[in-house]
Amino acid sequence: MFLGTHTPRLDEKGRLFLPAKFRDRLSEGLVVTKGQERCLFVYPADTFVEIAGAMQKGPTSSKAVRDYIRVFLAGAHDEVPDRQGRLTVPPALRQYAGLTRDCAVIGAGDRIEVWDASAWETYLAASEQAYAEQSEEVVPGLF
């Protein structure tokens, strides 16, 4: 499980050092794609295959399903991190997420999310208060 917040920087070639604690799980391969809120999702390759397979079972008669699958898969980039544990973020994905130099890499359970550092701080500031005040069940059956 991926946990925590890390603050690596993109280098001039668009490479990002993966946090050391995440590298073993991603060493065999990963897929980076567009996430919600203009961040990037990074999945271990095997997890991405499972998720993509589950998506393919959705009703293709639904425009929302087709649209979501198209954006999610068309933006996907697979690779194996280099020996130094770096991920190369393609230019189109850097642009989508507004990544320039300072990044926030967060563990989100089965995936990593890569955010522009200032976008993450803005999101977190807006979301933490709602989290603290949540009085209804968000995930059914969890709390």
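Annotations for the structure displayed:
- Residue within segment 29-44 that is of a type outside the set (Phe, Trp, Tyr) and over 14 Å from the mean Cα position of the chain (by Cα) present: yes
- Residue count for segment 12-26, restricted to those that are farther than 19 Å from ALA108 by Cβ and touching a residue at least 24 places away in the same chain (Cβ under 8 Å): 3.
- Selected residue (only one of LEU10, LEU3 is buried (at least 19 other Cβ atoms within 10 Å of the Cβ), over 14 Å from HIS77 (Cα atoms), modelled with pLDDT of 95 or more and of a type in the set (A, V, I, L, M, F, W, C)): LEU10
- Subset of segment 28-81 (residues that are closer than 18 Å to GLU113 by Cα and among the basic types (Lys, Arg)): LYS34, ARG38
- Segment 80-127, subset over 17 Å from ARG9 (Cβ atoms) and in contact with a helix residue (DSSP H, G or I) (Cβ under 8 Å, 6 or more places away or on another chain), residue surrounded by the fewest Cβ atoms within 10 Å (Cβ to Cβ): ASP110
The values are calculated or read from the model by the stated rules, or taken from the named source; none is laboratory data. Model, not experiment: these values are computed from the prediction. Note: ideal-geometry Cβ built from the backbone for every residue, glycine included; neighbour counts use all protein chains shown.
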